[in-house]
Protein chains: 2
Amino acid sequence: MEIERKFLVNNYPLLETYPCKNIKQAYLSTDPVIRIREMGELYFLTVKSQGHMVREEFEMPITKEQFESLYTKVDTSPIEKTRYFIPLDNHLTAELDIYKGHLEGLCTVEVEFTSVASADSFKAPQWFGKDITLDNRYKNNNLATYGIPIEE
Amino acid sequence: MEIERKFLVNNYPLLETYPCKNIKQAYLSTDPVIRIREMGELYFLTVKSQGHMVREEFEMPITKEQFESLYTKVDTSPIEKTRYFIPLDNHLTAELDIYKGHLEGLCTVEVEFTSVASADSFKAPQWFGKDITLDNRYKNNNLATYGIPIEE
(Lines give C-alpha, C1' and ligand atoms only; values in the text may rest on other atoms or scores of the structure.)
Protein backbone atom coordinates (compact mmCIF):
# COMPACT_ATOMS: atom_id res chain seq x y z
CA MET A 1 0.00 0.00 0.00
CA GLU A 2 1.34 3.41 -0.97
CA ILE A 3 -0.08 6.52 0.72
CA GLU A 4 1.25 9.77 -0.65
CA ARG A 5 0.44 13.37 -1.45
CA LYS A 6 1.83 15.37 -4.33
CA PHE A 7 2.28 19.12 -4.77
CA LEU A 8 3.56 21.65 -7.24
CA VAL A 9 6.51 23.71 -6.02
CA ASN A 10 6.54 27.45 -5.32
CA ASN A 11 10.27 27.80 -4.81
CA TYR A 12 12.49 25.10 -3.54
CA PRO A 13 15.27 25.34 -0.95
CA LEU A 14 18.96 25.38 -1.92
CA LEU A 15 19.48 21.85 -3.17
CA GLU A 16 23.23 21.38 -3.01
CA THR A 17 23.26 19.81 0.42
CA TYR A 18 20.57 17.18 -0.18
CA PRO A 19 21.11 13.67 -1.52
CA CYS A 20 19.74 13.11 -5.01
CA LYS A 21 19.30 10.40 -7.61
CA ASN A 22 18.85 10.51 -11.35
CA ILE A 23 15.72 8.64 -12.40
CA LYS A 24 14.72 7.42 -15.85
CA GLN A 25 11.40 5.68 -16.17
CA ALA A 26 9.02 4.54 -18.87
CA TYR A 27 5.73 2.68 -19.15
CA LEU A 28 4.93 -0.68 -20.73
CA SER A 29 1.34 0.25 -20.02
CA THR A 30 -0.25 3.35 -18.52
CA ASP A 31 -3.61 1.70 -17.65
CA PRO A 32 -2.92 -0.31 -15.61
CA VAL A 33 0.45 1.20 -14.75
CA ILE A 34 3.38 -1.09 -15.56
CA ARG A 35 6.50 0.97 -15.09
CA ILE A 36 10.23 0.35 -15.42
CA ARG A 37 12.64 2.64 -13.62
CA GLU A 38 16.37 3.17 -13.54
CA MET A 39 17.47 4.94 -10.36
CA GLY A 40 21.21 5.36 -9.98
CA GLU A 41 22.53 1.85 -10.63
CA LEU A 42 19.32 0.10 -9.54
CA TYR A 43 16.49 -1.09 -11.77
CA PHE A 44 12.86 -1.74 -10.84
CA LEU A 45 9.64 -3.03 -12.29
CA THR A 46 6.55 -1.55 -10.67
CA VAL A 47 2.86 -2.31 -11.04
CA LYS A 48 0.24 0.05 -9.60
CA SER A 49 -3.49 -0.19 -9.10
CA GLN A 50 -5.88 2.68 -9.77
CA GLY A 51 -6.21 5.42 -7.16
CA HIS A 52 -5.00 8.80 -5.99
CA MET A 53 -3.74 9.19 -2.44
CA VAL A 54 -3.88 5.46 -1.63
CA ARG A 55 -2.76 2.90 -4.20
CA GLU A 56 -1.64 -0.69 -4.19
CA GLU A 57 1.88 -0.82 -5.49
CA PHE A 58 4.30 -3.67 -6.08
CA GLU A 59 7.92 -2.91 -6.83
CA MET A 60 10.43 -5.57 -7.78
CA PRO A 61 14.16 -5.18 -8.43
CA ILE A 62 15.21 -6.29 -11.91
CA THR A 63 18.59 -6.54 -13.62
CA LYS A 64 20.02 -4.01 -16.05
CA GLU A 65 19.54 -6.62 -18.81
CA GLN A 66 15.88 -7.10 -17.90
CA PHE A 67 15.43 -3.32 -17.81
CA GLU A 68 16.95 -2.99 -21.26
CA SER A 69 14.83 -5.80 -22.65
CA LEU A 70 11.63 -4.28 -21.18
CA TYR A 71 12.69 -0.84 -22.42
CA THR A 72 12.23 -2.06 -26.02
CA LYS A 73 8.52 -2.58 -25.23
CA VAL A 74 7.62 0.77 -23.74
CA ASP A 75 4.60 2.73 -24.88
CA THR A 76 5.64 6.28 -24.09
CA SER A 77 8.59 8.66 -24.11
CA PRO A 78 10.76 8.08 -21.07
CA ILE A 79 10.54 10.45 -18.13
CA GLU A 80 13.87 11.73 -16.82
CA LYS A 81 14.16 13.62 -13.60
CA THR A 82 16.48 14.30 -10.69
CA ARG A 83 14.96 13.44 -7.31
CA TYR A 84 16.16 15.28 -4.20
CA PHE A 85 15.45 13.88 -0.74
CA ILE A 86 14.70 16.73 1.67
CA PRO A 87 13.95 15.98 5.33
CA LEU A 88 10.76 17.48 6.82
CA ASP A 89 9.34 17.50 10.34
CA ASN A 90 7.93 14.30 11.87
CA HIS A 91 10.49 12.08 10.10
CA LEU A 92 8.88 12.75 6.76
CA THR A 93 10.84 13.19 3.55
CA ALA A 94 9.99 15.48 0.66
CA GLU A 95 10.90 13.86 -2.65
CA LEU A 96 11.43 16.78 -4.98
CA ASP A 97 11.43 15.86 -8.66
CA ILE A 98 13.02 18.22 -11.18
CA TYR A 99 12.09 17.01 -14.63
CA LYS A 100 14.25 17.09 -17.75
CA GLY A 101 13.78 16.46 -21.48
CA HIS A 102 10.24 16.95 -22.80
CA LEU A 103 9.07 17.78 -19.24
CA GLU A 104 11.79 20.39 -18.59
CA GLY A 105 10.37 23.17 -16.42
CA LEU A 106 8.13 20.89 -14.38
CA CYS A 107 8.87 20.42 -10.72
CA THR A 108 6.77 18.42 -8.25
CA VAL A 109 7.19 17.22 -4.69
CA GLU A 110 5.79 14.08 -3.06
CA VAL A 111 5.56 12.99 0.55
CA GLU A 112 4.91 9.40 1.54
CA PHE A 113 2.98 8.59 4.72
CA THR A 114 2.51 5.52 6.87
CA SER A 115 -1.22 6.15 7.45
CA VAL A 116 -4.13 7.96 5.83
CA ALA A 117 -4.55 9.95 9.08
CA SER A 118 -1.01 11.36 8.89
CA ALA A 119 -1.50 12.13 5.17
CA ASP A 120 -4.74 14.00 5.94
CA SER A 121 -3.22 16.04 8.76
CA PHE A 122 -0.03 16.96 6.88
CA LYS A 123 0.77 20.68 6.91
CA ALA A 124 2.72 21.48 3.77
CA PRO A 125 5.80 23.72 4.14
CA GLN A 126 5.69 27.23 2.59
CA TRP A 127 7.75 26.22 -0.40
CA PHE A 128 5.15 23.64 -1.46
CA GLY A 129 2.65 24.83 -4.09
CA LYS A 130 -0.77 23.62 -5.19
CA ASP A 131 -1.90 20.19 -3.94
CA ILE A 132 -2.13 17.95 -7.02
CA THR A 133 -2.68 14.62 -5.24
CA LEU A 134 -6.05 14.16 -6.94
CA ASP A 135 -5.03 15.61 -10.30
CA ASN A 136 -4.62 12.75 -12.76
CA ARG A 137 -2.78 14.97 -15.22
CA TYR A 138 0.27 15.00 -12.97
CA LYS A 139 0.53 11.26 -12.62
CA ASN A 140 3.78 10.27 -14.31
CA ASN A 141 2.03 7.90 -16.71
CA ASN A 142 -0.05 10.84 -17.99
CA LEU A 143 2.93 13.20 -18.00
CA ALA A 144 4.73 10.63 -20.16
CA THR A 145 1.81 10.54 -22.59
CA TYR A 146 0.47 14.12 -22.57
CA GLY A 147 3.32 16.30 -21.32
CA ILE A 148 3.12 19.20 -18.84
CA PRO A 149 -0.47 20.16 -17.91
CA ILE A 150 -1.55 23.79 -18.48
CA GLU A 151 -2.42 25.47 -15.17
CA GLU A 152 -4.98 28.31 -15.29
CA MET B 1 5.27 -14.95 -1.40
CA GLU B 2 4.18 -17.98 -3.39
CA ILE B 3 5.38 -21.43 -2.28
CA GLU B 4 4.38 -24.21 -4.60
CA ARG B 5 5.39 -27.54 -6.08
CA LYS B 6 4.54 -28.74 -9.56
CA PHE B 7 4.28 -32.26 -10.97
CA LEU B 8 3.48 -34.09 -14.16
CA VAL B 9 0.41 -36.33 -13.98
CA ASN B 10 0.33 -40.14 -14.23
CA ASN B 11 -3.42 -40.51 -14.46
CA TYR B 12 -5.89 -38.15 -13.00
CA PRO B 13 -9.07 -38.95 -11.07
CA LEU B 14 -12.54 -38.68 -12.63
CA LEU B 15 -12.92 -34.94 -13.07
CA GLU B 16 -16.65 -34.43 -13.45
CA THR B 17 -17.29 -33.74 -9.78
CA TYR B 18 -14.60 -31.10 -9.28
CA PRO B 19 -14.96 -27.37 -9.81
CA CYS B 20 -13.05 -26.02 -12.77
CA LYS B 21 -12.22 -22.78 -14.54
CA ASN B 22 -11.12 -21.98 -18.06
CA ILE B 23 -7.91 -19.99 -18.07
CA LYS B 24 -6.33 -18.01 -20.88
CA GLN B 25 -3.04 -16.29 -20.20
CA ALA B 26 -0.27 -14.58 -22.08
CA TYR B 27 2.98 -12.79 -21.33
CA LEU B 28 3.96 -9.17 -21.88
CA SER B 29 7.39 -10.32 -20.80
CA THR B 30 8.76 -13.71 -19.85
CA ASP B 31 11.87 -12.40 -18.04
CA PRO B 32 10.81 -10.94 -15.72
CA VAL B 33 7.38 -12.54 -15.84
CA ILE B 34 4.59 -10.05 -16.57
CA ARG B 35 1.47 -12.10 -17.16
CA ILE B 36 -2.15 -11.33 -17.98
CA ARG B 37 -4.78 -13.94 -17.24
CA GLU B 38 -8.47 -14.39 -17.95
CA MET B 39 -10.06 -16.86 -15.52
CA GLY B 40 -13.80 -17.29 -15.91
CA GLU B 41 -15.06 -13.71 -15.91
CA LEU B 42 -12.14 -12.34 -13.90
CA TYR B 43 -8.99 -10.71 -15.23
CA PHE B 44 -5.60 -10.37 -13.56
CA LEU B 45 -2.20 -8.83 -14.07
CA THR B 46 0.61 -10.74 -12.35
CA VAL B 47 4.28 -9.98 -11.86
CA LYS B 48 6.67 -12.67 -10.61
CA SER B 49 10.25 -12.64 -9.42
CA GLN B 50 12.80 -15.30 -10.35
CA GLY B 51 12.73 -18.60 -8.49
CA HIS B 52 11.40 -22.13 -8.40
CA MET B 53 9.53 -23.33 -5.32
CA VAL B 54 9.47 -19.92 -3.62
CA ARG B 55 8.75 -16.78 -5.64
CA GLU B 56 7.58 -13.28 -4.96
CA GLU B 57 4.32 -12.78 -6.78
CA PHE B 58 1.97 -9.83 -7.05
CA GLU B 59 -1.44 -10.30 -8.59
CA MET B 60 -3.83 -7.45 -9.27
CA PRO B 61 -7.38 -7.61 -10.65
CA ILE B 62 -7.83 -5.67 -13.87
CA THR B 63 -10.87 -4.93 -16.03
CA LYS B 64 -11.80 -6.76 -19.24
CA GLU B 65 -10.89 -3.56 -21.15
CA GLN B 66 -7.46 -3.39 -19.52
CA PHE B 67 -6.95 -7.09 -20.28
CA GLU B 68 -7.83 -6.54 -23.92
CA SER B 69 -5.56 -3.51 -24.18
CA LEU B 70 -2.63 -5.42 -22.61
CA TYR B 71 -3.39 -8.43 -24.81
CA THR B 72 -2.34 -6.38 -27.85
CA LYS B 73 1.16 -6.15 -26.34
CA VAL B 74 1.87 -9.78 -25.57
CA ASP B 75 5.07 -11.46 -26.61
CA THR B 76 4.01 -15.09 -26.90
CA SER B 77 1.15 -17.32 -28.03
CA PRO B 78 -1.52 -17.45 -25.34
CA ILE B 79 -1.76 -20.48 -23.08
CA GLU B 80 -5.21 -21.96 -22.72
CA LYS B 81 -6.05 -24.57 -20.14
CA THR B 82 -8.80 -25.87 -17.92
CA ARG B 83 -7.91 -25.88 -14.25
CA TYR B 84 -9.59 -28.39 -11.91
CA PHE B 85 -9.51 -27.86 -8.15
CA ILE B 86 -9.13 -31.23 -6.39
CA PRO B 87 -9.04 -31.39 -2.59
CA LEU B 88 -6.13 -33.27 -0.98
CA ASP B 89 -5.34 -34.17 2.64
CA ASN B 90 -4.27 -31.46 5.11
CA HIS B 91 -6.54 -28.83 3.52
CA LEU B 92 -4.35 -28.71 0.43
CA THR B 93 -5.73 -28.35 -3.08
CA ALA B 94 -4.35 -29.88 -6.26
CA GLU B 95 -4.70 -27.50 -9.18
CA LEU B 96 -4.77 -29.77 -12.20
CA ASP B 97 -4.16 -27.99 -15.50
CA ILE B 98 -5.22 -29.62 -18.74
CA TYR B 99 -3.74 -27.64 -21.59
CA LYS B 100 -5.33 -26.92 -24.96
CA GLY B 101 -4.23 -25.42 -28.27
CA HIS B 102 -0.51 -25.65 -29.04
CA LEU B 103 0.05 -27.34 -25.66
CA GLU B 104 -2.69 -29.97 -26.13
CA GLY B 105 -1.62 -33.23 -24.48
CA LEU B 106 0.19 -31.56 -21.61
CA CYS B 107 -1.17 -31.96 -18.11
CA THR B 108 0.42 -30.66 -14.91
CA VAL B 109 -0.62 -30.34 -11.28
CA GLU B 110 0.40 -27.73 -8.73
CA VAL B 111 -0.01 -27.54 -4.98
CA GLU B 112 0.39 -24.31 -3.06
CA PHE B 113 1.71 -24.31 0.50
CA THR B 114 1.76 -21.87 3.37
CA SER B 115 5.33 -22.70 4.41
CA VAL B 116 8.52 -24.14 2.95
CA ALA B 117 8.40 -26.86 5.64
CA SER B 118 4.99 -28.11 4.50
CA ALA B 119 6.13 -27.95 0.86
CA ASP B 120 9.22 -30.01 1.70
CA SER B 121 7.29 -32.66 3.64
CA PHE B 122 4.48 -33.01 1.08
CA LYS B 123 3.77 -36.63 0.07
CA ALA B 124 2.40 -36.60 -3.46
CA PRO B 125 -0.66 -38.78 -4.18
CA GLN B 126 -0.21 -41.84 -6.46
CA TRP B 127 -1.73 -40.09 -9.45
CA PHE B 128 0.96 -37.39 -9.39
CA GLY B 129 3.90 -37.99 -11.76
CA LYS B 130 7.43 -36.61 -11.92
CA ASP B 131 8.26 -33.60 -9.72
CA ILE B 132 8.96 -30.69 -12.08
CA THR B 133 9.14 -27.91 -9.48
CA LEU B 134 12.75 -27.13 -10.42
CA ASP B 135 12.33 -27.70 -14.15
CA ASN B 136 12.29 -24.30 -15.86
CA ARG B 137 10.96 -25.83 -19.07
CA TYR B 138 7.56 -26.35 -17.46
CA LYS B 139 7.15 -22.78 -16.28
CA ASN B 140 4.22 -21.36 -18.21
CA ASN B 141 6.31 -18.50 -19.62
CA ASN B 142 8.66 -21.08 -21.18
CA LEU B 143 5.78 -23.32 -22.29
CA ALA B 144 4.30 -20.28 -24.05
CA THR B 145 7.60 -19.64 -25.83
CA TYR B 146 9.00 -23.14 -26.46
CA GLY B 147 6.01 -25.52 -26.28
CA ILE B 148 5.86 -28.93 -24.57
CA PRO B 149 9.26 -30.17 -23.30
CA ILE B 150 10.48 -33.56 -24.52
CA GLU B 151 10.83 -36.01 -21.61
CA GLU B 152 13.43 -38.77 -21.94
For Cα pairs less than 8 Å apart in space and 6+ apart in sequence, what is the mean separation divided by the residue count of region A:90-150, i.e. the relative contact order in percent? 25
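Rounded, prolate or oblate for the protein assembly as shown? Axes are the square roots of the Cα gyration tensor eigenvalues, ordered a ≥ b ≥ c, and the cut-off for rounded is a/c under 1.5.
Numbers: a/c = 2.52, a/b = 2.18, b/c = 1.16.
In terms of gyration-tensor shape, prolate.
Counting alpha carbon pairs within less than 8 Å and at least 6 residues apart, what relative contact order, in whole percent, applies to chain A? Provide the component values of the computation, followed by the final result.
Details: 310 pairs, mean separation 46.3, N = 152.
Reported as a whole number, the value is 30 percent.
Summarise the partner chain shielding of A:56-64 as one whole number: the mean count of Cβ atoms from other chains within 10 Å of each residue's Cβ. Don't skip to the end; give the middle numbers.
Details: counts 3, 2, 8, 2, 8, 3, 6, 3, 0.
Mean shielding count: 4.
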Mind grabbing the interface size between B and A? I mean buried accessible area, both sides, 1.4 Å probe, in Å² to the nearest hundred. 1500
The correct pairing of chain B residue and whole-Å distance, for the Cβ nearest the axis that maps B onto A, is B:PHE58, 2
Hey, for B:ASN10 with labels 7 Å out along Cα-Cβ, what do the inter-copy distances come to in nm, ordered shortest first? 7.6
Taking the alpha-carbon centroid of each part, what is the distance from region A:103-138 to region A:58-85 in angstrom? 23
Per residue of chain B, what 222 nm ellipticity follows from adding -39500 (n - 2.57) for every DSSP H run with n ≥ 4, rounded to the nearest 500? -3000 deg cm²/dmol
Distance between modelled label sites at A:ALA124 and B:LEU92, nm, 7 Å Cα→Cβ extension: 5.4
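Quick one: net charge around A:THR133, please, counting Lys, Arg +1 and Asp, Glu -1 for every other residue with C-beta under 14 Å from its C-beta. Can you show the working numbers first?
Working: positive: A:ARG5, A:LYS6, A:ARG55, A:LYS130, A:ARG137, A:LYS139; negative: A:GLU2, A:GLU4, A:GLU95, A:GLU110, A:GLU112, A:ASP120, A:ASP131, A:ASP135.
Spelling it out: positives minus negatives among the neighbours equals -2.
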Rounded if a/c is under 1.5, else prolate if a/b is larger than b/c, else oblate: which is region B:1-80, with a ≥ b ≥ c the root eigenvalues of its Cα gyration tensor? oblate
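Count the net charge of all other residues whose Cβ sits under 13 Å from the Cβ of B:LEU92, scoring Lys and Arg as +1 and Asp and Glu as -1. Walk me through the numbers before you get to the answer.
Details: positive: B:ARG5, B:LYS123; negative: B:GLU4, B:ASP89, B:GLU95, B:GLU110, B:GLU112.
In short, -3.
Just to confirm, what accessible area per residue do you get for region A:1-117 at 1.4 Å probe, in whole Å²?
Details: 5790 Å² over 117 residues.
Value for region A:1-117: 49 Å² per residue.
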Find every distance from the label point of B:SER69 to the corresponding label point in the other copies (7 Å from Cα along Cα→Cβ) and write them in nm, one decimal, shortest first. 2.6
Can you list, shortest first in nanometers, how far A:HIS102 lies from the same residue in the other copies, with each label 7 Å from Cα toward Cβ? 3.3
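Net charge around B:ILE79, counting only other residues with Cβ within less than 15 Å of its Cβ (Lys, Arg = +1; Asp, Glu = -1)? Write out the running numbers ahead of the final one.
Numbers: positive: B:LYS6, B:LYS21, B:LYS24, B:ARG35, B:ARG37, B:LYS48, B:LYS81, B:ARG83, B:LYS100, B:ARG137, B:LYS139; negative: B:GLU38, B:ASP75, B:GLU80, B:GLU95, B:ASP97, B:GLU104, B:GLU110.
Charge balance in the 15 Å sphere: +4.
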What per residue convex hull volume, in Å³, do the alpha-carbon atoms of region A:15-149 yield? 120
Of region A:86-108, those with amide N under 18 Å from the point 7 Å along the Cα→Cβ vector of A:ASN10 are A:88-89, A:94-97, A:107-108
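Quick one: with all protein chains in place, what share of the accessible area of chain B is carbon or sulfur, to the nearest percent (1.4 Å probe)?
Of the solvent-accessible surface of chain B, carbon and sulfur hold 50 percent.
The values are calculated or read from the model by the stated rules, or taken from the named source; none is laboratory data. Just so it is clear, the model here is predicted, and its values are computed rather than measured. Backbone-built Cβ (ideal geometry, glycine too); neighbour counts: all protein chains shown. Just so you know, the surface numbers come from the protein's heavy atoms only, side chains and all, with ligands and any DNA or RNA stripped out. Shrake-Rupley method; radii C 1.70, N 1.55, O 1.52, S 1.80 Å.
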